[in-house]
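Every number here is computed from the coordinates shown, using simple stated rules; none is lab data. Keep in mind that what you see is a predicted model, and the values were worked out from it rather than measured. Virtual Cβ from ideal backbone geometry, glycine too; neighbours counted across all protein chains shown.
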Amino acid sequence: MIAAAVARRLDLDLGRIAGGTFSCRFLGDLRGSFADRERYEEALARGNPLIYSVSTLESAAGDGDLSYGLGVLMPGKIGREYFLTKGHLHAWREAAEVYVGLRGHGLMLLEDEQSGESKLLPLSANEIVYVPGHTAHRTINIGTVPLVYLGVYPANAGHDYGAIGERNFRNVVIEEASSPALRDRMKL
Ligand code: F6R
Ligand code: MN
């Protein structure tokens, strides 16, 4: 039976997958995500812009099935730190994910939950990033246009924002001499 098979249209301008659910994160939803808290509060006092949206098709079919989401992350910075997603681990830690860059210029910050090792990988149009299990992941827009990407992950992966919400990633990506640089959060 091919009941669950679908061919969907991606609207990269609107950031929508036909039939998907749409959710938005505004600046005010990202308290604690940016390193420079003073600059964050200053920016929030000026307005509460959209930072990113995700259009998601989630499957309820369970083991073996896949879900996917189309993300659109706006360009911009808080202080020297580029706009970013909250970032998460999968609740089912073994769950891996594949990201495909569709538009714009971005990076993915990966952090191994067990060793703490970080990796910064390019996620621009036509690039793929494989996120292994047990790895916190965050998307970062280092360009001047919206970064558009598709993430495909096991339907039963689940999203755990708790650990990152409490301690954040060890490293931050900031602009230095007009280029992105990976820096230790504790040594900024
Ligand atoms: C799904 C996934 C992406 C993110 C999206 C938004 O597992 O990794 O679809 O959900 O990039 O980021 P978060 O979920 O961290 O707010
Ligand atoms: Mn994920």
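Charge tally around Leu70: other residues with Cβ under 11 Å, Lys/Arg +1 each, Asp/Glu -1 each, net +3.
Normalised by residue count, region 27-130 yields a Cα convex hull volume of 128 Å³ per residue. Only one residue of Pro146, Asn168, Val129 has its Cα farthest out toward the positive end of the dipole of region 122-188, where Lys and Arg carry +1 and Asp and Glu -1 on Cβ, and that residue is Asn168. Rounded to the nearest 20, the size of the Cβ-charge dipole of region 83-188 about its Cα centre is 220 debye, with Lys and Arg at +1 and Asp and Glu at -1. Cα gyration tensor of region 70-188, axes a ≥ b ≥ c as square roots of the eigenvalues: rounded (a/c below 1.5), prolate (a/b > b/c) or oblate? Oblate, because a/c is 1.5 or more while a/b does not exceed b/c. All other residues whose Cβ lies under 15 angstrom from that of Met186 are scored, Lys and Arg at +1 and Asp and Glu at -1, for a net of +2. Can you tally the net charge around Ala163? Count Lys and Arg as +1, Asp and Glu as -1, for every other residue whose Cβ sits under 11 Å from the Cβ of Ala163. Charge balance in the 11 Å sphere: -2. Applying the criteria of a DSSP loop state and at most 10 other Cβ atoms within 10 Å to the trypsin sites (Lys or Arg not before Pro) of region 1-80 yields Arg9.
Principal-axis analysis of the Cα atoms of the chain puts helix 37-46 at an angle of about 80° to the longest axis. Only helices enter the 222 nm calculation for the chain: every DSSP H run of n ≥ 4 contributes -39,500 (n - 2.57), and dividing by all residues gives -2500 deg cm²/dmol, rounded to 500.
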